[in-house]
Amino acid sequence: MAEPPEADVERLYGLDLDEFIPARDATARRLRGDGRRTEADQVKALRKPSNPAWVVNRLARAEPAVVGELLAAGRRLREVQLGGGGGGDLREAMDDERRALDRAMRNAEEIATHAKLASSATLDRVRETLHLAALDPEVADQAERGVLVREGRASGFTDLAVFAPSPSPRRKADPSPAPSQKPTSPSKADQRKAAAAERAAARERERHEKALTKARERLGAAERDLTAAERDAERARGALEKAEGRAAKARDARDDAAAHLAELGE
């Protein structure tokens, strides 16, 4: 299936929310007038972004460096997790990602406030969407381009379970240490620190999994609401077209009656 023109897509998703539908329809008409029917149909099918998605899209345009910092922190976190890094490395990567996310959210809140969209629910979903963008390369691409349609994901979720770090391999003891060498054991303090770091990492993974589950549930509910709303809108458009047809016939009948009355009066 052909894709809509990328330049038009990025332009449309950079508009204010109330401008999206009129501009989308005008773009589709222009493409159809140019004989590009397939692209026109693709543009016409573009969905208006949700409020949280719009905030993230606007953030990507207004503060590309801030979004880039968050996505870079997310890539580092994935690398540590996929590489089975130790608890200390994982904690540092998580902290970097959280700091970048906090900075992005401060900017996003300003954008949402200016647009009168700064409800707690919207901001929570903005944060979840930015967090998922940091963890999911596909969502990251959509967020960086500023073309997200729905909060939580662009097209497809990446299960955070794939990012769970593998257990670090145990080091094998040297089978033949030099007579003067004695194997060293970690101190109790080091053992406690390592255990605490692993527990913290486990709690963080659990938090990620809960956040993902919550985001999926919200997305499912939002998609169901959207489907119902689109059905209602389609029915309303059909009813409007019928009403406009009846109104046109009534105007014609009125004009005919007025003309006949004028003739009788003469």
**OP:** Would you check if Arg237 is touching a Gly at 6+ places or on another chain (Cβ under 7 Å) and either modelled with pLDDT of 75 or more or not β-branched (Val, Ile, Thr) (or both)?
**Re:** no
Original post:
So, of the residues in segment 36-57 that are open to solvent by 60 Å² or more (accessible area, probe 1.4 Å) and outside any helix (DSSP H, G or I), which turns out to be nearest to Asp16 (Cα to Cα)?
Top reply: Lys48
Original post:
Listed residues Arg47, Arg61; which is among the charged types (D, E, K, R) and touching a Gly at 6+ places or on another chain (Cβ under 6 Å)?
Top reply: Arg61
Original post:
Taking Ala221, is it modelled with pLDDT of 75 or more and either part of a helix (DSSP H, G or I) or of a type outside the set (S, T, N, Q) (or both)?
Top reply: no
Original post:
Of all residues in segment 138-150, which are within 14 Å of Arg75 (Cβ to Cβ) and either crowded, with 17+ Cβ neighbours inside 10 Å or touching a helix residue (DSSP H, G or I) at 6+ places or on another chain (Cβ under 8 Å) (or both)?
Top reply: Val139, Ala140, Ala143, Glu144
**OP:** State the number of residues belonging to segment 98-121 that are modelled with pLDDT under 95 and open to solvent by less than 20 Å² (accessible area, probe 1.4 Å).
**Re:** 0
Subject >> Among the candidates Ala7, Ala28, Ala23, Ala60, residue that is under 30 Å from Glu97 (Cβ atoms) and either part of a helix (DSSP H, G or I) or open to solvent by 70 Å² or more (accessible area, probe 1.4 Å) (or both) >> reply: Ala60
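So that you can scan it fast, the table gives a plain yes or no per residue for (1) open to solvent by 40 Å² or more (accessible area, probe 1.4 Å); (2) modelled with pLDDT under 75; (3) of a type in the set (Phe, Trp, Tyr); (4) within 30 Å of Ile111 (Cα to Cα):
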{"site": "Gly152", "(1), (2), (3), (4)": "no, no, no, yes"}
{"site": "Asp159", "(1), (2), (3), (4)": "yes, yes, no, yes"}
{"site": "Pro165", "(1), (2), (3), (4)": "no, yes, no, no"}
{"site": "Pro175", "(1), (2), (3), (4)": "yes, yes, no, no"}
{"site": "Lys193", "(1), (2), (3), (4)": "yes, yes, no, no"}
Subject >> Subset tally (residues that are farther than 21 Å from Asp141 by Cβ and either surrounded by 18 or more Cβ atoms within 10 Å (Cβ to Cβ) or of a type outside the set (D, E, K, R) (or both)) for segment 10-20 >> reply: 1
**OP:** May I ask you to verify whether Glu69 is closer than 18 Å to Thr129 by Cα, touching a residue at least 12 places away in the same chain (Cβ under 8 Å) and open to solvent by 50 Å² or more (accessible area, probe 1.4 Å)?
**Re:** yes
Subject >> Hey, Arg125 among the basic types (Lys, Arg), over 26 Å from Glu217 (Cα atoms), in contact with an Asp or Glu (Cβ under 9 Å, 6 or more places away or on another chain) and open to solvent by 70 Å² or more (accessible area, probe 1.4 Å) or not >> reply: no
Original post:
If the Cβ limit is 6 Å and pairs must be 6+ apart or interchain, which residue in segment 16-29 that is under 20 Å from Glu3 (Cα atoms) pairs with which residue that is surrounded by 18 or more Cβ atoms within 10 Å (Cβ to Cβ) and small (Gly, Ala, Ser)?
Top reply: Ala28/Ala40
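The values are calculated or read from the model by the stated rules, or taken from the named source; none is laboratory data. Just so you know, these numbers come straight off a predicted model, no measurement behind them. All Cβ positions, even for glycine, are placed from backbone atoms using ideal geometry, and neighbour counts span all protein chains on display. Each accessible area value is taken on the protein alone, full model and side chains, heavy atoms only, with ligands, DNA and RNA left out. Shrake-Rupley method; radii C 1.70, N 1.55, O 1.52, S 1.80 Å.
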